[in-house]
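Below: the structure, in structure tokens.
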Amino acid sequence: MLGIVFTLGMVLTDTLNGWWVARLVAGADRRAALVSRCVSVAIAFLCLALAAGRRREVRAAALEEQAAAFGPVLSVGSILLISAVYALASRFTVLR
């Protein structure tokens, strides 16, 4: 239960931070605001996916060792995912 509360708090915090950053840059560049929102949504979904994976890992003790060895790959994958979302959002964001 504590993990669910923590994950929901992280998602809410990331979403609010993304919204706040989007509001800050909205005056300077509307495109940057849209890209910021896309990246915020990607981070929120990434947090939920990692929490779901951790929950499954806790239920099956055999997965815990494999997950520990797979940690660095998840870190690099997370960075690549957020970078890819940023690049795609920057490229395909169309201003109205």
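How large is ³J(HN,Hα) for each residue in region 74-89, as worked out from phi by the Karplus curve 6.51 cos²θ - 1.76 cosθ + 1.60 (θ = phi - 60°), to whole Hz, x for Gly and Pro?
5, 5, 5, x, 5, 5, 5, 4, 5, 5, 5, 4, 4, 5, 5, 5
So if each residue of separation counts as 0.36 nm, and I subtract the Cα-Cα distance between LEU74 and ILE4, what length gain in nm does that give? The partial results should precede the final answer.
Values: separation 70, 0.36 × 70 = 25.20 nm, distance 2.00 nm.
Difference between extended and current length: 23.2 nm.
How long is the gain from LEU81 to THR13 if the chain were fully straight, where each residue apart is worth 0.36 nm and the alpha carbon distance is subtracted? Provide the component values of the computation, followed by the final result.
Details: separation 68, 0.36 × 68 = 24.48 nm, distance 1.95 nm.
Roughly 22.5 nm would be gained on extension.
Since every read-out is calculated from the coordinates, none of them should be taken as a lab result. Nothing here was measured: the structure is a model prediction, and the numbers come from that model.
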